Amino acid sequence: MLTTETIYVQNIDCTKCMSKIVNALIKIEGVHDVTVAKEEGKVSIIGNGIPTEYIVQLLSEMGYPPTNNETILTKAKSFISYAIGKKAHA
């Protein structure tokens with residue numbers, strides 16, 4: 001049975017960010033489809049047996065931490081990951 005998980009994240013501000021997220025998550029076993037809504041910071045994952053905790057961890061490591069996890073440390077890590085990613089794609 002397919003289910004949908006929705007995760008709200010920070011730092012989605014361009015189509016490259018959206019593509020990066022989709023390309024990373026679609027490779028995960030059990031994930032059938034991924035959509036990203038930039039304006040809302042929303043990542044929707046459709047699949048069977050979606051490993052939500054792993055996906056949240058992966059998104060955080062990519063520089064897109066969940067919006068409900070905003071400590072000073074996560075904001076700093078998010079900013080650094082985001083800045084490194086931006087520089088690499090420039």
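What follows draws every value from the coordinates through simple rules; no lab data is involved. All of these numbers come straight from a predicted model, not from anything done at the bench.
Per-residue extension of 0.36 nm, minus the Cα-Cα distance of Ser19 and Lys42, leaves a gain of 6.9 nm for this segment. Listed values for the stretch 27-37 are Karplus-derived 3J(HN,Hα) couplings in whole Hz (6.51 cos²θ - 1.76 cosθ + 1.60, θ = phi - 60°), namely 7, 6, 4, x, 8, 9, 7, 9, 10, 10, 10, and x replaces Gly and Pro. Counting only Cα atoms, the stretch 1-53 measures 32, 18, 16 Å along its principal axes, largest extent leading.
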